[in-house]
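Novice: This is the structure I want to talk about, given as structure tokens.
The values are calculated or read from the model by the stated rules, or taken from the named source; none is laboratory data. Just so we're clear, the structure is a prediction, and the values are computed from it rather than from any experiment. So basically every Cβ, Gly included, is an ideal-geometry build from the backbone, and we count neighbours across all protein chains shown.
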Amino acid sequence: MNILIMGMGYVGVATALLLTELGWQVTGLDPNKSRIRTLSHGVLPFYEPGLDEMLRTHLASRRITFTSEIGQAIDDNEVIFLCVGTPSGSDGSADLQFIKEAAESIGKHMQGYRLIVIKSTVPVGTNEQVVQWINQAQPSAIPFDVVSNPEFLREGSALQDALEPDRIIIGSDNDQATELLRSLYKHVNGPVVVTKPKTAELIKYAANAFLASKISYMNELARLCTKMGVNIADVAVGIGMDHRIGPHFLRAGIGYGGSCFPKDIHALLFTAREHDVDLTILEKVVQVNQTQALYYMNIWEQLLGSFNGKTIAVLGISFKPDTDDIREAPAIGIISKLLENSAVIRVHDPIAKLPKSMLSKHLKQFDSVEKTVQNCDAVILCSEWKQYMTMDWEQLKRRLKQPYLFDGRNMLDGAQMTAQGYHYSGIGMSWTEIK
Ligand code: UDX
């Protein structure tokens, strides 16, 4: 079976490579010709461990090809995955323009039966909408099915998540279409849940919103821990051992970011408002996230006296480790706040780069941690890259003007850092004692 993947963004490329790995012949389609050229030369448009090697292997065996020729691609492939972007509109709703364009192209160009699989994160009811758009664009009626198959993979661990998913959700009204999609995943190690398309669409949003809620809950509790001299990480261990709670997504920090959580939660809130339902808890989840980094910056500012005129090293600008993605990254908010407070900022990240337009004489990015921290008054850790956890912090301290270490991800051992002479402060732990 030949498979077409429409949209060569993060989810599209990862899905294309997974399906190739499973033995299918795959074509990746994107209107962006330079992206297609880059992919055809074996270069990923983003950083993701393990995927670049997989891309080069499958290009060499010709199991995967890339194109911008939409008509031909729709004609050649029986199964079509929609992986195009669904960015946030100005009102927080998911913008379905790319989904609509893709559906209309399929309707226009299909010559025989097609199974259309919606992988993009789309609001409840989009599956029905796609059916209508395809119907309206068809010059004459040709059968097709549209199934919803949301994607749950995480940046930084796409390969493992795709090959061993916790579950595969298939939202379908048609048994034959369900079985066809199921057969594509037959070598994937994970349970399949078959449900209605609308349910599948909501499961994706509900999962992301629930995970974000866990994080915001711990982040808010961390503020109380800070006041009471209790360590939030110990609380997380204690509650996480209750199997009804589970140990994951309980890490307090400077907040969640990325291309999914913030966007998807806004889209879900928008959908709820459209249906006159208040998702009060979720509104608060967003509010806690938006204020979390600022809450701790206030504390750090008090410890330091002031940010004004100080030189601050910011380590880790990606929204989490093992990705070059800085979309909605808490580090970007922290940098803006420092600039507002007239600090000079020196930035490092193992992979991610600040856009050139952001750089100035007050904000510079360096390629080594040693250079970055030189003569700084404080270091703020914003994403927990392994490199930062294993560095020789004792050596680094000699380069600092003042040994203030603000750990926005609780990635270092506070007691050890304090013993090394740092004024260490993390998230959700006593700071008055350290002061
Ligand atoms: C998320 C979902 O996990 C994934 O299922 C979905 O398909 C896409 O959105 P991703 O955005 O790649 O994946 O990252 P994830 O690992 O979920 O982390 C999101 C954010 O939460 C990061 O900023 C991370 O630092 C933060 N986080 C995560 C915490 O602050 N604490 C935690 O305990 C876990």
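Novice: Would you mention how many residues in the stretch 126-164 are assigned to a helix (DSSP H, G or I) and either under 15 Å from the mean Cα position of the chain (by Cα) or modelled with pLDDT under 95 (or both)?
Specialist: Residues that pass the stated criteria total 6.
Novice: Surrounded by 22 or more Cβ atoms within 10 Å (Cβ to Cβ) and either over 25 Å from the mean Cα position of the chain (by Cα) or touching a residue at least 40 places away in the same chain (Cβ under 8 Å) (or both): which single residue out of Ile380, Ile351 fits that description?
Specialist: Ile380
Novice: Only one of Ala206, Ala200 is assigned by TED's automatic domain parsing to the domain that holds Gly408, crowded, with 20+ Cβ neighbours inside 10 Å and within 16 Å of the ligand (Cβ to nearest atom). Can you tell me which?
Specialist: Just a single option satisfies the conditions, and that option is Ala200.
Novice: Ala313 - would you say it is buried (at least 20 other Cβ atoms within 10 Å of the Cβ), more than 22 Å from Ala207 (Cα to Cα) and within 16 Å of the ligand (Cβ to nearest atom)?
Specialist: Here the answer is no, as Ala313 does not meet what is asked.
Novice: Looking at Arg62 and the list (1) in a loop (DSSP other than H, G, I, E, B); (2) closer than 25 Å to Ile169 by Cβ; (3) basic (Lys, Arg), which single condition is not satisfied?
Specialist: Only one criterion is unmet by Arg62, namely (2).
Novice: Counting only residues that are among the polar types (S, T, N, Q), in a helix (DSSP H, G or I) and under 15 Å from His348 (Cβ atoms), how many does the stretch 368-409 have?
Specialist: Of the residues in that region, 2 qualify.
Novice: Please find, among Lys214, Lys198, the residue that is farther than 21 Å from Pro262 by Cα and among the charged types (D, E, K, R).
Specialist: Lys198
For (1) within 14 Å of the ligand (Cβ to nearest atom); (2) of a type outside the set (Val, Ile, Thr); (3) more than 24 Å from Tyr217 (Cα to Cα); (4) not in a helix (DSSP H, G or I), each residue gets a yes or a no:
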site: Val285; (1), (2), (3), (4): yes, no, no, no
site: Met297; (1), (2), (3), (4): no, yes, no, no
site: Gln302; (1), (2), (3), (4): no, yes, yes, no
site: Ile351; (1), (2), (3), (4): no, no, yes, yes
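Novice: Quick check on my filter: what residues within the stretch 68-108 are within 26 Å of the chain's Cα centre (by Cα) and outside any loop (DSSP other than H, G, I, E, B)?
Specialist: Ile80, Phe81, Leu82, Ser88, Ala94, Gln97, Phe98, Ile99, Lys100, Glu101, Ala102, Ala103
Residue by residue, here is whether (1) crowded, with 17+ Cβ neighbours inside 10 Å; (2) more than 30 Å from Leu339 (Cα to Cα); (3) modelled with pLDDT of 95 or more holds:
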position	(1), (2), (3)
Met218	yes, no, yes
His248	no, yes, yes
Ala252	yes, no, yes
Gly258	yes, no, yes
Glu283	no, no, yes
Ala293	yes, no, yes
